[in-house]
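Have a look at the structure below before the remarks.
The values are calculated or read from the model by the stated rules, or taken from the named source; none is laboratory data. These numbers come from a predicted model, not from an experiment. Cβ placement follows ideal geometry from the backbone for every residue including glycine, while neighbour counts extend to all protein chains displayed. These accessible areas exclude ligands, DNA and RNA; they are computed on the full protein's heavy atoms, side chains included. Shrake-Rupley method; radii C 1.70, N 1.55, O 1.52, S 1.80 Å.
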Protein chains: 2
Amino acid sequence: MSTDDSNAERQAHRTSPAVAVVDAQSPGNVGTIARAMKNFGFEDLLLVDPPELDPDGEAYGFAGHAREDVLPNATEVTFDHLVENYHTIGCTAVTNEDDRSHVRFPFSTPADLAARLPTVEAPTALVFGRERVGLTNEELARIDEICSIPASAEYPVLNLGQAATVTLYELRSVTLADDETQLPDLERVRAPEPTIDRLYEQWAALLEEINHPPEKREKTMRMLRRVYGRADLTEREANTLIGLLRRATERPAER
Amino acid sequence: MSTDDSNAERQAHRTSPAVAVVDAQSPGNVGTIARAMKNFGFEDLLLVDPPELDPDGEAYGFAGHAREDVLPNATEVTFDHLVENYHTIGCTAVTNEDDRSHVRFPFSTPADLAARLPTVEAPTALVFGRERVGLTNEELARIDEICSIPASAEYPVLNLGQAATVTLYELRSVTLADDETQLPDLERVRAPEPTIDRLYEQWAALLEEINHPPEKREKTMRMLRRVYGRADLTEREANTLIGLLRRATERPAER
């Protein structure tokens, strides 16, 4: 490969690792992986010995909108091509316990990779193995590093499509900038402090109006402050509460 | 419900939130969710208006080992039962942008919940809605809080089974202690420093033996230190390298 090709390839893969699936048996799992790729900003699907992907079959049925791009654009490659052209990261549920064997040790978790991959600029492929047995020891021996999802010791083996989904979810920070997710920048907006203070003033007025025992008022006000304090009230919530409390305070006495 | 019942229920759910699926259409998705529950240490599956779960059908086919417990132990409940007995957390791909609407705002991400849920002791249910439309606004209005998975703005809608898998993966710390995962305590073991030092000494001997230019040796040794330093060599790797380098150093000169 010429230096120009190398540079072009390096550039193309800079922010988005490829996803490789080796010897999948179920078209549905390939579709599920394609969908997760599109959900989390991955584009380049590589298939080694794939099952037939019938446009009217399960692969396309499970792929959601990835049926329009990720799945039809998938490339069939050999395992040799994979290990020769990519830094390969093999995903497996079963690791070795320590350095008496290096086939599956040391390993990283997807969260470890999420911290490290964005700092590396080179073609990288996340490699997932076939259903049931995953990647073989022979395949893992040729793969550059090992990744394993922490799961219950009682049953740590995820379904292929689910394992890829979790891994791609965890690695979304490699492919998606914060402003490229569907979520608004802020998860919460806290009302301005003067608004919050007016809420407490309105509560104090209501406590007086309902003749809440004076000796209990301080403690009650403290409780209210704790409740609203950890709820991070929005401005609209605070204003609505103030309005309701004002009406409760100001309503004509019944007798 | 009596106080005794309340206490018993509170106790039972202390560390493991229930997982509720509302009006799922596909038995396969219910099976996928059951499998993810078992993978990440959840036990209590609640089904509102479930599809038929034929023991020979897709639900059991997709459930893996969860076909032995989580799935057959699932409880059919009403939506009313759910909101009356649990702190409900509704999962949705689509949030509101700000506090002009509170149906889907404020929200938490699964990672936010993972930080907060372990500190709360009360019956909690993670609620997932039907395929395609998810939870309706009417359902979300009755649910206590909102959770949303960050995904690509281009296509943020995960498949039901995949959304539950990601959420349960992220919340595994609520149900699984560190020593309850399949992974060994340590992901890496770094060789003792004296062993690493012997590796560098062996390299220095080899550089001398192969007549590496003396003025380059310091720089070369620094490069080697950087390479091995960030690789966190295991003791076995370090000893194997030392042995190989010793044999390269000590082999008879060819002429």
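A few comments on the model shown:
- Cα pair distances exceeding 21 angstrom across the range B:65-142, given as percent: 40 percent
- Computed over all pairs of different Cα atoms, the Kirkwood value for the hydrodynamic radius of the range A:9-150 is 15.4 Å.
- Annotation: extensible slack from B:MET223 through B:ASN137 equals 25.0 nm (criterion: 0.36 nm per residue apart, minus Cα-Cα distance).
- Rolling a 1.4 Å probe across the protein heavy atoms gives chain B an accessible surface of 52 Å² per residue.
- Cβ-placed point charges (K, R +1; D, E -1), dipole of the protein assembly as shown about Cα centre in debye, nearest 20: 1600 debye
- For A:ARG188, the label point sits 7 Å beyond Cα toward Cβ; its separations from the matching points on the remaining copies run 3.5 nm, from shortest to longest.
- Simple label model, 7 Å out from Cα along Cβ direction - A:GLU145 to A:LEU186, nm: 3.7 nm
- The calculated 222 nm mean residue ellipticity attributable to helices in chain A amounts to -13000 deg cm²/dmol, summing -39500 (n - 2.57) over DSSP H runs of n ≥ 4 and dividing by all residues.
- Shortest-first nm distances, A:THR75 label point to equivalent points in other copies (7 Å, Cα→Cβ): 5.2
- Cα lying deepest toward the dipole's positive end in the range A:121-167, options A:GLN162, A:SER148, A:LEU135, charges on Cβ: A:GLN162
- Förster-model FRET efficiency, 56 Å R0, B:ARG116 and B:ASN239, C-beta, rounded to 0.05: 0.75
- If you plug the beta carbon distance of A:GLU97 and A:ARG247 into 1/(1 + (r/R0)^6) with R0 = 41 Å, you get a FRET efficiency near 0.05.
- Pairwise Cα distances in the range B:124-255 exceed 25 Å in 58 percent of cases.
- Evaluated at q = 0.08, 0.10 Å⁻¹: base-10 log I(q)/I(0), Debye formula over Cα of chain A: -0.51, -0.62
- Shielded by partner chains, the range A:173-205 residues - at least 40 Å² of accessible area, 1.4 Å probe, vs chain alone: A:GLN182, A:LEU183, A:PRO184, A:GLU187, A:ARG188
- Cβ-placed point charges (K, R +1; D, E -1), dipole of chain A about Cα centre in debye, nearest 20: 1920 debye
- Dipole magnitude for the range B:181-226: computed about the Cα centre from +1 point charges on Lys and Arg Cβ and -1 point charges on Asp and Glu Cβ, it is near 220 debye.
- Neighbour net charge for B:VAL103 - beta-carbon separation under 14 angstrom, K R +1, D E -1: -4
- Carbon/sulfur fraction of accessible area - chain A, other protein chains in place, 1.4 Å, %: 46 percent
- With its label point put 7 Å out from Cα toward Cβ, B:ASN137 sits 5.9 nm from the same residue's point in the other copies, in order from shortest.
- Given charges at Cβ of Lys, Arg, Asp, Glu: the range A:159-255 dipole, positive-most of A:ASN239, A:LEU207, A:ALA191: A:LEU207
- Put simply, chains B and A cover up around 5100 Å² of each other's accessible surface, both sides summed, when a 1.4 Å probe is used.
- The protein assembly as shown has equivalent-ellipsoid semi-axes of 51, 29, 23 Å, by the square roots of 5 times the alpha carbon gyration tensor eigenvalues, sorted largest first.
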